[in-house]
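Visitor: Please read through the structure below; I'll follow up with questions.
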Amino acid sequence: MGSHRPWPRPTVFRPRPRPRRRRRRTSYAASAAAVAACAVTGALAGGPPQEWYRSLDTPTWQPPAKTFPAVWTPLYASIAWAAGRALETCEPVHRRGLAVSLGVNLALNGGWTWLFFRLRSPLAGALGALLLDASNADLVRRTARCDRKAAVVLVPYAAWCAFATVLSAEIARRNR
């Protein structure tokens with residue numbers, strides 16, 4: 001009786017799953033582009049230190065001006081990486097909410113500079129910073145739902161923004 005081979009089963013058309021690698025590149029590229037747009041938007045409003053800003057009464061605990069680009073560069077890189085990773089690993093049901101949360105967060109982030117520097121309003125900047133803090137909490141929460149490691153990477157960004165909120169509020173208070 002030799003080997004027994006069953007009849008070949010009929011071929012059923014099944015769409016090929018989308019390659020994970022392509023989505024990964026797309027997620028990381030999209031988040032990096034969004035973060036870069038945020039950084040450029042903010043830079044356009046702020047520019048080099050302005051005479052107006054130098055005339056403000058600022059607290060002694062404010063970091064030196066050169067600290068801000070040194071802090072923001074790695075923070076922006078961490079946002080792009082964390083967002084790309086979370087979007088890649090997120091269940092489809094949560095992905096859209098995470099993407100919207102990231103977009104709102106980056107709009108608030110870039111908008112802060114316009115409120116504070118372009119409008120020359122420390123009070124508007126402090127209020128914008130409070131909105132950004134609420135958005136950071138939402139972004140970290142949504143990111144944690146998709147990828148805890150990515151959420152942990154966002155914590156320094158949220159902490160720095162909280163510090164910036166306190167600083168903005170203090171500048172607003174001193175310059176009423």
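Visitor: Residues L154, L123, L130, L119: which one is crowded, with 18+ Cβ neighbours inside 10 Å and not small (G, A, S)?
Guide: None of the other options fit; the residue is L154.
Visitor: Let me ask something additional. Among the residues in region 83-95, are any in a helix (DSSP H, G or I) and of a type in the set (S, T, Y)?
Guide: Scanning region 83-95, I find at least one residue that is in a helix (DSSP H, G or I) and of a type in the set (S, T, Y), so the answer is yes.
Visitor: Within region 152-174, count every residue that is free of Cβ contacts under 8 Å to residues at least 24 places away in the same chain and more than 19 Å from P69 (Cβ to Cβ).
Guide: 4
Visitor: Would you confirm whether any residue within region 77-99 is loosely packed, with under 14 Cβ neighbours inside 10 Å, under 23 Å from V40 (Cβ atoms) and small (G, A, S)?
Guide: Yes, the conditions are met somewhere in region 77-99.
Visitor: Same structure again: Looking at (1) open to solvent by 40 Å² or more (accessible area, probe 1.4 Å); (2) under 20 Å from G111 (Cα atoms), which is the one condition that is false for A39?
Guide: (1)
Visitor: In addition: In the set T67, T113, which member is without any contact (Cβ under 8 Å) to a residue 24 or more places away in the chain, open to solvent by less than 50 Å² (accessible area, probe 1.4 Å) and either among the polar types (S, T, N, Q) or farther than 18 Å from A37 by Cα (or both)?
Guide: None of the others qualify; the one that does is T67.
The values are calculated or read from the model by the stated rules, or taken from the named source; none is laboratory data. Quantities reported herein were computed from a predicted structural model and do not represent experimental measurements. As a convention, Cβ positions derive from the backbone with ideal geometry for all residues, glycine included, and neighbour counts pool all protein chains shown. Each accessible area value is taken on the protein alone, full model and side chains, heavy atoms only, with ligands, DNA and RNA left out. Shrake-Rupley method; radii C 1.70, N 1.55, O 1.52, S 1.80 Å.
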